[in-house]
Amino acid sequence: MTKNEFVKQLRRSLSGKLDSAKISELAGYYEEYIEVLVRKGKEEEQVVEELGNPALIAKSILSAEYDRKPRLNQTTLLSLGMRVKSLCFALGSKLGEKAKTWFENLR
């Protein structure tokens, strides 16, 4: 497999799952990596073979991206509920009572 084929498959595997700027950044990284090793005397096909399957690399990248994304958990939701309750009470509206009931139901 050539560098261009590798990068094309990597882009295809990431397409629709990351924004185009991130895909371009990643593709550029692998293009440059391959080019550096070729300049050092390795065959392009050998470098690409050592890298492995671009679809598996894409899967690893997507897994790492997913792990970095913040996710809501019970503590976050509880904190958000407390903020809503405080805001409603501060406004002095009937929403304050509804927020209190909602907040108590969270526990």
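Read the figures in this text as sums done on the coordinates, not as results from a lab. If you're wondering where the values come from, they're calculated on a predicted model, not measured in any experiment.
Phi-derived couplings, Karplus 6.51 cos²θ - 1.76 cosθ + 1.60 at θ = phi - 60°, listed residue by residue for the stretch 42-58: 7, 6, 3, 4, 5, 4, 5, 4, 5, 5, x, 6, x, 5, 6, 5, 4 Hz, with x used for Gly and Pro.
Scalar couplings 3J(HN,Hα) for the stretch 17-24, obtained by applying the Karplus form with A = 6.51, B = -1.76, C = 1.60 to θ = phi - 60°, are 10, 9, 6, 4, 5, 5, 4, 4 Hz; x denotes Gly and Pro.
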